[in-house]
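Colleague: Supplied in structure tokens, the structure appears directly below.
Every number here is computed from the coordinates shown, using simple stated rules; none is lab data. Only a predicted model underlies this, so the values are computations on that prediction, with no experimental measurement involved. Every residue, glycine as well, gets a Cβ built from its backbone with ideal geometry; the counts of neighbours run over all protein chains shown.
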Amino acid sequence: MSLIKNQLETAFDELILQSNPEEGDILVVGCSSSEVLGEKIGTSGSLETATEIFSVLKEKCKEKGLFLACQCCEHLNRALVVEKELAKRERLTIVNAVPHEKAGGSFATAAYRGFNNPVLVEEITAQLGIDIGSTLMGMHLSRVAVPVRTSIKKIGEAPVTFARVRPKYIGGERAKYN
């Protein structure tokens, strides 16, 4: 478990360093604990592994002033577990479901148990993303998503992908950009 924690902490720090998020930005995370443990997504979820991953992310987000949004699995239509404070701030529609290991997944279950005042929302527009185990969290990123390369290519045995967003370029060839 310490290897997974170390990989995640290093990856998070590199993502933050390269992305330079603002306080209050949202990090969306999709995580397959099955994949982290070297199994096929959705087959061998581990609440223990998911709780460790959630705990690291929650603490790191708190340190950086970020909000964490934890994606459920496909059985809850990739809804997100967030703090009610975030749902109210963003005026998100709260939906009525409680994730568990067989519907929502271990990671979402860990988040629901670990947040102070958890709610589920159907969608969000996040500025940063971490996809652990090919969970397809990209649907919850603001446009335009840009990949972030870190030294960490796997969390446990799961492939991991990082993203940040940037404003759209508009205006054509005569436009000037920041």
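Colleague: Read through the list (1) basic (Lys, Arg); (2) under 13 Å from Phe115 (Cα atoms); (3) over 14 Å from the mean Cα position of the chain (by Cα), then give the number of the only condition that Lys64 fails.
Modeller: Lys64 satisfies every listed condition except (2).
Colleague: Please enumerate the residues belonging to the range 153-177 that are within 20 Å of Thr49 (Cβ to Cβ), crowded, with 19+ Cβ neighbours inside 10 Å and touching a residue at least 40 places away in the same chain (Cβ under 8 Å).
Modeller: Step one: of the range 153-177, the residues within 20 Å of Thr49 (Cβ to Cβ) are 153-162.
From what is left, the residues that are crowded, with 19+ Cβ neighbours inside 10 Å are 155-156, 158, 160-162.
Within the range 153-177, Ile155, Gly156, Ala158, Val160, Phe162 qualify.
Colleague: Hey, another quick one. If I ask for residues that are more than 14 Å from the chain's Cα centre (by Cα) and either without any contact (Cβ under 8 Å) to a residue 24 or more places away in the chain or under 15 Å from Leu57 (Cβ atoms) (or both), which ones from the range 117-140 would you list?
Modeller: Pro118
Colleague: Further, regarding this structure: What number of residues within the range 67-111 satisfy the criterion of being within 11 Å of the chain's Cα centre (by Cα) and of a type outside the set (A, V, I, L, M, F, W, C)?
Modeller: Selection size over the range 67-111: 1.
Colleague: So Phe12 passes all but one of these: (1) surrounded by 17 or more Cβ atoms within 10 Å (Cβ to Cβ); (2) under 16 Å from Ala111 (Cα atoms). Which condition number does it fail?
Modeller: If we test Phe12 against (1) surrounded by 17 or more Cβ atoms within 10 Å (Cβ to Cβ); (2) under 16 Å from Ala111 (Cα atoms), just (2) comes out false.
Colleague: Another one. Is it true that some residue in the range 26-46 is exposed (fewer than 14 other Cβ atoms within 10 Å of the Cβ) and either more than 22 Å from Thr161 (Cα to Cα) or charged (D, E, K, R) (or both)?
Modeller: The answer is yes, given that some residue of the range 26-46 is exposed (fewer than 14 other Cβ atoms within 10 Å of the Cβ) and either more than 22 Å from Thr161 (Cα to Cα) or charged (D, E, K, R) (or both).
Colleague: Taking the criterion of being farther than 21 Å from Ser34 by Cβ and part of a strand (DSSP E or B), would at least one residue in the range 59-66 satisfy it? Steps first, please.
Modeller: First, pick out the residues of the range 59-66 that are farther than 21 Å from Ser34 by Cβ: 59-66.
Filter once more, keeping what is part of a strand (DSSP E or B): none.
There is no residue in the range 59-66 that is farther than 21 Å from Ser34 by Cβ and part of a strand (DSSP E or B).
Colleague: If you scan the range 1-40, which residues turn out to be part of a loop (DSSP other than H, G, I, E, B) and over 16 Å from the mean Cα position of the chain (by Cα)? Talk me through it step by step, then tell me what you get.
Modeller: So the first thing to find is which residues in the range 1-40 are part of a loop (DSSP other than H, G, I, E, B), and the list is 1, 20-25, 32, 37-40.
Listed by number, the residues that qualify are Met1, Asn20, Glu22, Glu23, Leu37, Gly38, Glu39, Lys40.
Colleague: Another question, then. Tell me which residues, restricted to the range 141-178, are closer than 21 Å to Leu3 by Cα, of a type in the set (A, V, I, L, M, F, W, C) and over 13 Å from the mean Cα position of the chain (by Cα).
Modeller: Filtering the range 141-178 for residues closer than 21 Å to Leu3 by Cα gives 149-162.
Going one step further and asking which of them are of a type in the set (A, V, I, L, M, F, W, C), we end up with 152, 155, 158, 160, 162.
Hits for the range 141-178 are Ile152, Ile155, Ala158.
Colleague: Could you run through the range 157-178 and say how many residues are under 14 Å from Ile130 (Cα atoms) and either part of a loop (DSSP other than H, G, I, E, B) or among the polar types (S, T, N, Q) (or both)? Quick ask: steps written out before the conclusion?
Modeller: Of all residues in the range 157-178, those under 14 Å from Ile130 (Cα atoms) come to 158-165.
If we keep only those that are either part of a loop (DSSP other than H, G, I, E, B) or among the polar types (S, T, N, Q) (or both) too, we end up with 161.
Residues in the range 157-178 being under 14 Å from Ile130 (Cα atoms) and either part of a loop (DSSP other than H, G, I, E, B) or among the polar types (S, T, N, Q) (or both): 1 in total.
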